[in-house]
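Take a look at the structure below.
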Amino acid sequence: QKEVEQDPGPLSVPEGAIVSLNCTYSNSAFQYFMWYRQYSRKGPELLMYTYSSGNKEDGRFTAQVDKSSKYISLFIRDSQPSDSATYLCAMRGDSNYQLIWGAGTKLIIKP
Amino acid sequence: KAGVTQTPRYLIKTRGQQVTLSCSPISGHRSVSWYQQTPGQGLQFLFEYFSETQRNKGNFPGRFSGRQFSNSRSEMNVSTLELGDSALYLCASSLRTGKMNTEAFFGQGTRLTVV
């Protein structure tokens, strides 16, 4: 079993829909959680960064961490075709700086 | 502020050859990590360098090696190339001050094709 599980998709939704992307993890020591967006043939770019549990909002994006369930989510409101990309989750613990990555979910927003 | 710069962007090599990839981190960032990305395996961690020392290493054979210079620039070397080494090689830098500022910022990657 992988430490971080993420459905590779693809996830296809119509423009304007609310998108929910998720990762589950097994290591209860993880404290730092990140979401990255990767467009085709580009490097990943950091979207959201949260520490421990709770929600964080940035424009149309909301990151949510539920440590009791070992589950993190990224919500995208009013989705746009330009949001079509692969979304990767990454996380790490307090004492180890190495990020552990999900496989990435390919998201397609249909106009 | 300039981002992470990787050179070259594209590379075609023959089996058995060796290759060196270069990464210049964001100014002030002392940590550089290397990743291999393939469609089947996703993002695989190769190694991390911090202050010229390798701090973490992924599960790759010894053909994959790296180093970091005093200006934080890093190079990755792959010897005796195999067809399976064809991938996008990504470099990420982070500030890494204590436990904080460990978010990774990626370059555009070097696409290596082994024929």
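The values are calculated or read from the model by the stated rules, or taken from the named source; none is laboratory data. Every value quoted in this text rests on a predicted model; they were computed, and no experiment measured them. Note: ideal-geometry Cβ built from the backbone for every residue, glycine included; neighbour counts use all protein chains shown.
Scanning the stretch B:21-64 for residues that are closer than 27 Å to A:Asp7 by Cβ and hydrophobic (A, V, I, L, M, F, W, C) yields a total of 5. The C-beta contact set for the stretch A:4-20 (first residue more than 20 Å from A:Ala90 (Cβ to Cβ), second residue in a loop (DSSP other than H, G, I, E, B), distance under 7 angstrom, 6+ apart or interchain) comprises A:Val13/A:Ser79; A:Glu15/A:Ser79; A:Glu15/A:Gln80; A:Glu15/A:Pro111; A:Gly16/A:Asp78; A:Gly16/A:Ser79; A:Ala17/A:Ser79; A:Ile18/A:Arg77. B:Asn56 satisfies every condition listed in (1) within 12 Å of another protein chain (Cβ to nearest Cβ); (2) modelled with pLDDT of 95 or more except (2).
The sole residue among B:Ser86, B:Ser51, B:Ser27, B:Ser72 that is away from chain A (no Cβ under 14 Å), of a type outside the set (Val, Ile, Thr), loosely packed, with under 15 Cβ neighbours inside 10 Å and more than 11 Å from the chain's Cα centre (by Cα) is B:Ser27.
Here's the yes/no breakdown for (1) touching a Lys or Arg at 6+ places or on another chain (Cβ under 6 Å); (2) at pLDDT 95 or above; (3) over 18 Å from B:Val114 (Cα atoms):
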site	(1), (2), (3)
B:Pro8	no, yes, no
B:Leu43	no, no, yes
B:Arg67	no, yes, yes
B:Leu88	yes, yes, no
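Within the stretch B:96-115, being surrounded by fewer than 16 Cβ atoms within 10 Å (Cβ to Cβ), at negative phi and within 14 Å of chain A (Cβ to nearest Cβ) holds for B:Thr97, B:Lys99, B:Met100, B:Thr113. Within this structure, A:Ser53 fails the test of being farther than 16 Å from A:Ser79 by Cβ, at pLDDT 95 or above and among the small types (Gly, Ala, Ser). Confirm whether A:Lys42 is more than 13 Å from chain B (Cβ to nearest Cβ) and modelled with pLDDT under 95. Here the answer is no, as A:Lys42 does not meet what is asked.
Contact map, the stretch A:76-87: first residue of a type in the set (A, V, I, L, M), second residue part of a loop (DSSP other than H, G, I, E, B), Cβ cut-off under 6 Å, separation 6 or more or different chains; pairs are A:Ile76/A:Arg60; A:Ala85/A:Tyr39.
The condition (being in contact with a helix residue (DSSP H, G or I) (Cβ under 7 Å, 6 or more places away or on another chain) and touching a residue at least 24 places away in the same chain (Cβ under 8 Å)) is satisfied by just one residue among B:Val114, B:Val32: B:Val114.
Of the strands (runs of 3 or more DSSP E) lying entirely inside the stretch A:1-88, those carrying at least 1 residues that are among the acidic types (Asp, Glu), surrounded by fewer than 20 Cβ atoms within 10 Å (Cβ to Cβ) and under 14 Å from the mean Cα position of the chain (by Cα) are A:45-51, A:54-58, A:61-66.
When the test is whether a residue is farther than 20 Å from B:Ser93 by Cβ and touching a Ser or Thr at 6+ places or on another chain (Cβ under 7 Å), A:Ala29 does not pass it. Residues of the stretch B:1-15 include at least one that is touching a helix residue (DSSP H, G or I) at 6+ places or on another chain (Cβ under 9 Å) and either in contact (Cβ under 8 Å) with a residue 24 or more places away in the chain or crowded, with 16+ Cβ neighbours inside 10 Å (or both).
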